[in-house]
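What follows is one structure encoded as structure tokens, with my remarks underneath.
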Amino acid sequence: YFNTSDNNLLYWGLDYPPLTAYHSFVCAYIAKLINPDWIALHTSRGYESQPHKLFMRTTVFVADLLVYIPAVILYCFSLKETSTKKKASIWGVALCILLYPGLILIDHGHFHLGFALWGVLYLSYDWDLWGSVAFCLALNYKQMELYHSLPFFCYLLGKCFKKGLKGKGLVLLTKIAGTVVVSFAVCWLPFCTDMEQIMQVLRRLFPIDRGLFEACMFSSPPPHLANIWCGLSVLIKIKNIVSPQTQLKLSFVVTFLSLLPTCIKLTVQPSLRGFKFALVSCALSFFLFSFQVHEKSILLVSVPVCLIINEIPFMATWFLLVSTFSMLPLLLKDGLLLAYAVTMLAFLSVCVASFSIFEKTSAEDLQLKPFSLSLKGYVSWFKSFPKIVRSLFLLSLTLMGVLSLMSAAVHPPQRLPDLFPVSVSIISCLHFLLFLVYFNVVILWDSKNSRSQKKIS
């Protein structure tokens, strides 16, 4: 975390929490046993060989086999499907999640997502302390897990409230708080020898000076990121008008207000179903409105969407396709057009085969029945709702396909060299804003939450 003669922060400096350092440290010791040249302090800088690349890729694959993939499979079995027909759908759900193109194409091996999945899995069995440990590990692996922190916090706090803060609820709250403190203490212990060490790690984790957003993969403005600030930057140069400190405050206020209704509902009516939907909504709010978002951060929204793909297969499939499309500039930069096309088509095909998504577009299938009933005079409009939704989905697919082809095969006008990447970012952002409204409507009008509270004793 410090810049020294032996550690060039610009080249191999660490800007993730300590658990990432420990993982790298273990991999380095294994590498040293195979070939010490791979990790020699100075001479390994810029070192490239096929065996070294194979080793590095193998470490990712092994970690996925140990952390992410088991969590996905066990989560699918936790869905408590009973009939033979529904048991078959468990494997369909697992296949859809594992075939999600975003994780395959971009940074497969984000192990913090695996730890977060373990946290969700433990909470689904009411193993609250183990769920707290798993999420603490996720948060201490990548600070971006803050996207999921409020749903975990509100759900567990809501359970404590329901049990009563003068009895069992207080005991549970004390146990959870102790578990979190101990988990963080163990992860941070080597850095707690003096305050400067801790502060340096925090500065590396949260480099506020970089501004509201940064286009890590592109040197020319505007940044190609599908969130609201980058979309607005096409019309208004926010970074030139507003100071970095004001940008930070602005993004905090907007993010907080956008996720507040969901968090209040989850705290007052804690349910596992509400918790999973809140993971999606809160992560999407962070992606759209928070400070210094990266293109790949959409994966933090996509993985929770994968967890509810069995409940709203049509909308989940649509969202996951759009999330992968939103990263198209990164994929083209790495020459992954063919892989992008193949994985998108494979994923869509598996979702259609597993869930028959085009047959599940009614208001009830999309979890909008309570909302439609609350409109009273406008209920008749929902009769044509399935046809409208299917048409919008096909239009969206067509638009993504055409823009993908144009981005890869057509040279943009000289006056507008960023035409296609910016178009991808704006179209994706509009999709995400509509999805945010949709998920919030589902959460706030969810009548199943109140019934499921009876199961929480």
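The values are calculated or read from the model by the stated rules, or taken from the named source; none is laboratory data. What you are looking at is a predicted structure, and each value in this text was computed from that prediction instead of being measured. When we count neighbours, we look across all protein chains shown, and the Cβ atoms used for this are built from the backbone with ideal geometry, even at glycine. With ligands, DNA and RNA removed, areas are computed over all heavy atoms of the protein, side chains included. Shrake-Rupley method; radii C 1.70, N 1.55, O 1.52, S 1.80 Å.
Taken together, the criteria place Pro304 among residues that are assigned to a helix (DSSP H, G or I) and either at positive phi or not hydroxyl-bearing (Ser, Thr, Tyr) (or both). In the condition set (1) within 28 Å of Asp418 (Cβ to Cβ); (2) assigned to a loop (DSSP other than H, G, I, E, B); (3) modelled with pLDDT of 85 or more, Ser258 is compliant with all but (2). If I filter segment 42-62 for residues that are open to solvent by less than 40 Å² (accessible area, probe 1.4 Å), within 30 Å of Ile198 (Cβ to Cβ) and in a loop (DSSP other than H, G, I, E, B), do I get at least one hit? For segment 42-62, residues open to solvent by less than 40 Å² (accessible area, probe 1.4 Å), within 30 Å of Ile198 (Cβ to Cβ) and in a loop (DSSP other than H, G, I, E, B): present. Scanning segment 353-405 for residues that are among the aliphatic types (A, V, I, L, M), open to solvent by 70 Å² or more (accessible area, probe 1.4 Å) and either closer than 29 Å to Ile90 by Cα or modelled with pLDDT of 90 or more (or both) turns up Ala353, Leu392, Leu394, Leu395, Leu399, Val402, Leu405.
Figure legend. Inter-residue proximity from segment 25-36: first residues in the same structural domain as Ala63 (by the TED database), second residues among the polar types (S, T, N, Q) and in a helix (DSSP H, G or I), beta-carbon distance below 7 Å, spacing 6+ or different chains. Indicated pairs: Cys27/Thr59. Just one of the listed residues (Lys159, Lys175, Lys166) is buried (at least 19 other Cβ atoms within 10 Å of the Cβ), in a helix (DSSP H, G or I), among the basic types (Lys, Arg) and outside the structural domain of Gly335 (by the TED database), namely Lys159. Of all residues in segment 343-368, exactly one satisfies the criterion of being free of Cβ contacts under 8 Å to residues at least 40 places away in the same chain, part of a loop (DSSP other than H, G, I, E, B) and among the charged types (D, E, K, R), namely Glu364. Residues in segment 1-19 that are part of a helix (DSSP H, G or I) and open to solvent by 50 Å² or more (accessible area, probe 1.4 Å): Leu10, Tyr11, Trp12. Only one entry in Val293, Val322 is within 30 Å of Leu250 (Cα to Cα), part of a helix (DSSP H, G or I) and assigned by the TED database to the domain that holds Ser407, namely Val322.
Restricting segment 432-443 to residues that are of a type outside the set (Phe, Trp, Tyr) and in contact with a Phe, Trp or Tyr (Cβ under 8 Å, 6 or more places away or on another chain) leaves a set whose member that is most open to solvent (accessible area, probe 1.4 Å) is Val441.
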